[in-house]
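Structure first, commentary second.
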Number of protein chains: 2
Amino acid sequence: MTELDLSLGSVELTRALCDIPSVSGDETTLADAIMASVGALPHLEVYRDGDTIVARTQLDRPQRVVIAGHIDTVPINANVPSRFVDVDGVPTLWGRGTVDMKGGVAVQLKLAAELTDPRVDVTWMWYDHEEVDAELNGLTRLARARPDLFAGDFAILGEPSNGQVEGGCNGNLRAVVRTHGVRAHSARAWIGENAIHAAAPILARLSEYRPRTIDVEGLAYREGLNAVRVSGGIAGNVIPDLCEVEVNYRFAPSRTVAEAESHVRDVFAGFELDVVDRASGARPGLDAPLAQEFLAAVGAEPRPKYGWTDVARFSEMGVPAVNYGPGDPSLAHHDEERVPLAQIEDVERGLRAWLSS
Amino acid sequence: MTELDLSLGSVELTRALCDIPSVSGDETTLADAIMASVGALPHLEVYRDGDTIVARTQLDRPQRVVIAGHIDTVPINANVPSRFVDVDGVPTLWGRGTVDMKGGVAVQLKLAAELTDPRVDVTWMWYDHEEVDAELNGLTRLARARPDLFAGDFAILGEPSNGQVEGGCNGNLRAVVRTHGVRAHSARAWIGENAIHAAAPILARLSEYRPRTIDVEGLAYREGLNAVRVSGGIAGNVIPDLCEVEVNYRFAPSRTVAEAESHVRDVFAGFELDVVDRASGARPGLDAPLAQEFLAAVGAEPRPKYGWTDVARFSEMGVPAVNYGPGDPSLAHHDEERVPLAQIEDVERGLRAWLSS
């Protein structure tokens, strides 16, 4: 079995995690390795559900913090195995998962192993299927099976935030916009109706759309509406009778999912539209006492989080949550995904200091 | 092995052919059945190349006619097996292949078996892969291996023409028009460039395009330019870096392939474009003496052929060629593909009369 050595430095551990591919749906090898290394630690109570692993201290501290990270990545694009590179003199680790988010997971695994006596009780969570439909997300499954495991006074997601603290997150909605036509031989196109041609206004509206930036509790959330997939056509000589454009709307946490859906339906008025995935955003929630202590301890200015993260899930469950992890979120999912080594070490130092103080 | 009984009436034989699925690339079962039935006929010399079968009389007649039909179909869409239906009182056979072109093939197989003493020597050809890339077409392969088999004074393709004689055919060109972008996480779309949005003008130009109708030797050829496929995107949360629109241009036989390509490049000026398939059209060619005799014998007014057919291949080889077969070409590739039974019998009668006279 693939093994993980939690006594490695957090940089080397990040590299080891990246070199065990774990594209969504294919996390078992990595989950097995995490289970084997964490399951051997006597100070943690460990629970596994599928490829999600929960490890808790049980020290009867007055407060409990949940610290979580997903172990899956988006598809690899010739960027595994990882490698060390020099970027303008900055020692850097390059490859899929370095940013989103095996750097954060490495720090968590290392601290889970080493902090046998933290100032608060800690519930560590490493979970699968974050990069795909919310319905498949390991935490969705866990919240049904063991909602008690989410209990806590504060939560930290190790999502990439450049080593800064990013509050809240945008909401996320995906919908399929569809046109229909009539099939016919393409030599007599006038007999049919071309569903791809009928989709021209959908792409035009997308390309003309100007996303807004919305202030929520002092942080500026930038929205986005994008086609993420398009498909249509069955053969080189057949007028297509169906065209589908899948769109992804990222919306500020001041909007509800229902408002977001209504906005998308307005943009594509006149077209058939099915919402296929939806997840609320989360307000920053930085006024919680533990959040304030945490900000002071790591010495960071809070910023808005653009990407949807599972902070929204904790926020909905009444647990204030922030994102804090190494890596530039702009490089997440990028073919040139890479993280400065110092950021991994800084986040390790920040979290260690706060949990040990 | 599946067997064909060539003593069936041409309607029943059409039905039997339709009920042996033979989507392009999967013609072997049908080709084996044809080979077994035709190979048993002592008056024909038979040659097989892959799933293409050639059967010739060798009667030393002063003239030779090539009569050909393809045995493949476009993909089935819940329309096999075939069935008899009544359409406004007209007895009809419904199902994939009834029009394009197993009705024509049935008539040919029946006459090949029964006309042991035709007035001209006949070269019968039944071939594979007509509905896909010209490069895969059984006749392309045969023309390389045995060009001598194409020798003749006149050729008839049994392509659907409503039992009328359709002269020449439009040319056919397919091209992929492509946009590039930069991948990024869809939560930070402004970091990437959306290739699907960039394709909006491609669909707009297609939907605004007005095809021409061009007179060639007295017949009016109607052109068409259509998207037949579109694809882009790799995941629900990634800004796509590639979008491809495959377009199909059907052009009047007065244009060369080079002129057609130049026209398509003009329409999509500014975009990357690769031509992936091209086939010349064919002028009507109805002034050939055998063509005139044939028109008189079957008593039909010539019309233009819109769809590209292998008449273009014969035309290029210097053999005048026409389309003559049962079925409404407007229903070719249609989910409701169907042929009036009387048309199959009319074409059988017309061909039989001319070949026997």
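The values are calculated or read from the model by the stated rules, or taken from the named source; none is laboratory data. Values in this document were obtained by computation on a predicted structure and should not be read as measured data. Heads up, the Cβs are rebuilt from the backbone with ideal geometry, glycines too, and the neighbour counts pull from every protein chain shown.
Some notes on this structure:
- Residue match in the range A:104-112 (condition: among the β-branched types (Val, Ile, Thr) and over 21 Å from the mean Cα position of the chain (by Cα)): no
- Note on the range B:262-288: residues that are more than 13 Å from every other protein chain (Cβ to nearest Cβ) and within 12 Å of B:Val176 (Cα to Cα) total 7.
- Wholly enclosed strands (runs of 3 or more DSSP E) of the range B:245-357 bearing at least 2 residues at pLDDT below 95: B:272-279, B:302-304, B:321-324
- Screening B:Trp94, B:Trp124 for residues that are within 21 Å of B:Arg349 (Cβ to Cβ) and aromatic (Phe, Trp, Tyr) leaves exactly one candidate, B:Trp124.
- All conditions but one from (1) within 19 Å of A:Asp32 (Cα to Cα); (2) part of a helix (DSSP H, G or I); (3) of a type outside the set (Ser, Thr, Tyr) apply to A:His129; the one that does not is (2).
- Scanning the range A:218-266 for residues that are touching a Lys or Arg at 6+ places or on another chain (Cβ under 6 Å) and under 21 Å from B:Val238 (Cα atoms) returns A:Glu223, A:Gly224, A:Glu244, A:Glu246, A:Asn248, A:Pro253, A:Val257.
- Scanning the range B:277-292 for residues that are surrounded by 15 or more Cβ atoms within 10 Å (Cβ to Cβ) and of a type outside the set (Gly, Ala, Ser) yields B:Asp277, B:Arg278, B:Arg283, B:Pro284, B:Leu286, B:Leu290.
- Residues located in the range B:216-244, provided they are modelled with pLDDT of 95 or more, over 18 Å from B:Pro201 (Cα atoms) and in contact with a helix residue (DSSP H, G or I) (Cβ under 7 Å, 6 or more places away or on another chain): B:Gly224, B:Ile239
- Complete set of residues in the range A:192-215 that are surrounded by 19 or more Cβ atoms within 10 Å (Cβ to Cβ), closer than 18 Å to B:Tyr209 by Cα, at the interface with chain B (Cβ under 7 Å from one of its Cβ atoms) and aliphatic (A, V, I, L, M): A:Ile196, A:Ala199, A:Ala200, A:Leu203
- Qualifying residue in the range B:167-174 (condition: touching a residue at least 12 places away in the same chain (Cβ under 8 Å), touching a Pro at 6+ places or on another chain (Cβ under 6 Å) and either closer than 28 Å to B:His334 by Cα or within 14 Å of chain A (Cβ to nearest Cβ) (or both)): yes
- Matching residues, the range A:175-190, being without any contact (Cβ under 8 Å) to a residue 24 or more places away in the chain and either outside the structural domain of A:His263 (by TED's automatic domain parsing) or in contact with a helix residue (DSSP H, G or I) (Cβ under 8 Å, 6 or more places away or on another chain) (or both): A:Arg188
- Filter pass, B:Pro201 being in contact with a Phe, Trp or Tyr (Cβ under 9 Å, 6 or more places away or on another chain) and part of a loop (DSSP other than H, G, I, E, B): no
- Scanning the range A:3-62 for residues that are exposed (fewer than 15 other Cβ atoms within 10 Å of the Cβ) and of a type in the set (Gly, Ala, Ser) yields A:Ser7, A:Gly9, A:Gly25, A:Ala36, A:Gly39, A:Ala40.
- Filter pass, A:Ser262 being surrounded by fewer than 14 Cβ atoms within 10 Å (Cβ to Cβ) and among the hydroxyl-bearing types (Ser, Thr, Tyr): yes
- Criterion: under 30 Å from A:Asp277 (Cβ atoms), crowded, with 23+ Cβ neighbours inside 10 Å, in contact with a His (Cβ under 8 Å, 6 or more places away or on another chain) and not small (Gly, Ala, Ser) - qualifying residue of B:Val230, B:Val238: B:Val238
- Only listed residue being within 14 Å of chain A (Cβ to nearest Cβ), buried (at least 18 other Cβ atoms within 10 Å of the Cβ) and of a type in the set (D, E, K, R), chosen from B:Glu135, B:Glu131: B:Glu131
- Of everything in the range B:1-20 that is aliphatic (A, V, I, L, M) and touching a Leu at 6+ places or on another chain (Cβ under 9 Å), the residue that is farthest from B:Val347 (Cα to Cα) is B:Ile20.
- Single match in B:Pro304, B:Pro329 (criterion: within 14 Å of chain A (Cβ to nearest Cβ), farther than 22 Å from B:Val122 by Cα and either more than 17 Å from the chain's Cα centre (by Cα) or surrounded by fewer than 24 Cβ atoms within 10 Å (Cβ to Cβ) (or both)): B:Pro304
- Residues that are out of contact with any Asp or Glu (no Cβ under 6 Å at 6 or more places or on another chain), within 24 Å of A:Ala16 (Cβ to Cβ) and not hydroxyl-bearing (Ser, Thr, Tyr) within the range A:50-78 comprise A:Gly50, A:Ile53, A:Val54, A:Ala55, A:Ile67, A:Ala68, A:Gly69, A:Pro75, A:Ile76, A:Ala78, listed in sequence order.
- Any hit, the range B:148-158, residues being touching an Asp or Glu at 6+ places or on another chain (Cβ under 8 Å), under 22 Å from B:Glu244 (Cβ atoms), more than 12 Å from every other protein chain (Cβ to nearest Cβ) and not polar (S, T, N, Q): no
- Positions within the range B:212-262 being under 19 Å from the mean Cα position of the chain (by Cα) and of a type in the set (Ser, Thr, Tyr), in sequence order: B:Tyr221, B:Tyr249
- With respect to (1) surrounded by fewer than 16 Cβ atoms within 10 Å (Cβ to Cβ); (2) under 18 Å from A:Leu13 (Cβ atoms), the lone exception for A:Asp100 is condition (1).
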